[in-house]
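Comments concern the structure below.
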Amino acid sequence: MTQIKRALISVSDKTGVVEFAKGLSEAGVEILSTGGTARALREGGVPVIDVSEYTESPEIMDGRVKTLHPRVHGGILMRDSGEDRDALGGIGGKPIDLVCVNLYPFEQTVARGASHDETIENIDIGGPSMVRSAAKNQARVAVVTEPGDYPEVLAAVKSGDGPNASLRARLAAKAFTQTAAYDGAIAAYLTSQGTDSKFPGALTLSFRLTAS
C-alpha cells in the first residue's frame, strides 16, 4: 500500500475535481495545483499550494512552461529509496504520491474546426509528461486521468492505506493508453496538413471496450 500525503492536480476537464480534491484535503493530503485548476479549487474552498510556489519558479510563456521542473518530476519519479530521497531533498523537492491530470482537449479542438494556431496551442506537453512519469513510477505513485476513477481512488485514500498495487497498475495502464491515443491524434492531424491526399501516411486507432 502507498499512503497519499501529497497530490498534484492539474486538469482541463474539471468535472468532479473540486469534490475529489476536497476529499483528499479532508484526508490530510497536501494539494499542489496550477492555473485554472488551482483557482477552481480555491473557489471551492480547497486549500491549495501553487506549483510555482513549490518550484519557486513562475509560470512563463503564457503558461506553456509551468510543471516542467525537476522538483515536479523528481517528486513524481522518486523511488522509495534513501538515495532518491536525498537527491530530491537536495533540490528542495518533496515526494508527490498522486498525480491527477487530464489533457488539453486536442481532438475536440480539431473537431470544431479551430484555426491551426489554436489547435497547436492545444497540444499538451506538461500534462502527458506528468502522466507518463507517474505511470512509470506506479510502484509508489497513483495516476488519475479520468473523473470516473475519483470515487475509487478517494475511497482508497480515506481508508488510510492508499491505492493498492493492483489499482495503481490499472490506473497506469489507462494513463499510457490515453497518452498513446493523444499522440496518435496529434500525429494524424499534423500528417493531414499540407496534403490533398484522402489517406494519411500512417493511421493510429484507439478503441475503448464498453462491455465484456
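Laboratory data are not the source of any read-out in this text; all were calculated from the coordinates shown. Note that the coordinates shown come from a computational prediction; the quantities given were computed from them, not determined experimentally. All Cβ positions, even for glycine, are placed from backbone atoms using ideal geometry, and neighbour counts span all protein chains on display.
List the aspartates and glutamates whose alpha-carbon lies under 13 Å from that of K22, not counting same-chain residues fewer than 8 positions away? Hits, sequence-local ones excluded: E30, E43.
Between the listed residues A139, P70, I4, the Cα displaced farthest toward the positive end of the dipole of the chain, a dipole computed from Cβ unit charges relative to the Cα centre, is found at A139.
Out of every Cα-Cα pair in the stretch 1-120, what percent are more than 23 Å apart? Don't skip to the end; give the middle numbers.
Values: 2683 of 7140 pairs.
Considering the stretch 1-120, 38 percent of its Cα-Cα pairs are separated by more than 23 Å.
Under the definition of Cα pairs under 8 Å and six or more residues apart, what whole-number percent is the relative contact order of the chain? Display every interim value, and only then the final one.
Details: 314 pairs, mean separation 46.3, N = 212.
Relative contact order here is 22 percent.
Placing +1 on each Lys and Arg Cβ and -1 on each Asp and Glu Cβ, with no other charges, gives the stretch 6-192 a dipole about its Cα centre of roughly 340 debye. For a straight C-alpha distance cut-off of 15 angstrom, the aspartates and glutamates reachable from K66 (same-chain residues fewer than eight places away being disregarded) are D50, E53, E56, E121, D124.
In order along the stretch 133-149, the Karplus-derived 3J(HN,Hα) couplings, from 6.51 cos²θ - 1.76 cosθ + 1.60 at θ = phi - 60°, round to 4, 5, 5, 4, 9, 4, 4, 10, 10, 9, 10, 10, 10, 9, x, x, 8 Hz, and Gly and Pro are given as x. Which of the aspartates and glutamates could a cross-linker span from K174 if the Cα-Cα distance has to be under 12 Å and same-chain partners fewer than 8 positions apart are dropped? Output for K174: E146, D149.
Assuming R0 = 22 Å, can you tell me the calculated FRET efficiency for the pair S192 and S12, based on Cβ-Cβ distance, to the nearest 0.05? Walk me through the numbers on the way to the answer.
Values: r = 23 Å, r/R0 = 1.05.
With R0 = 22 Å, the Cβ-Cβ based efficiency is 0.45.
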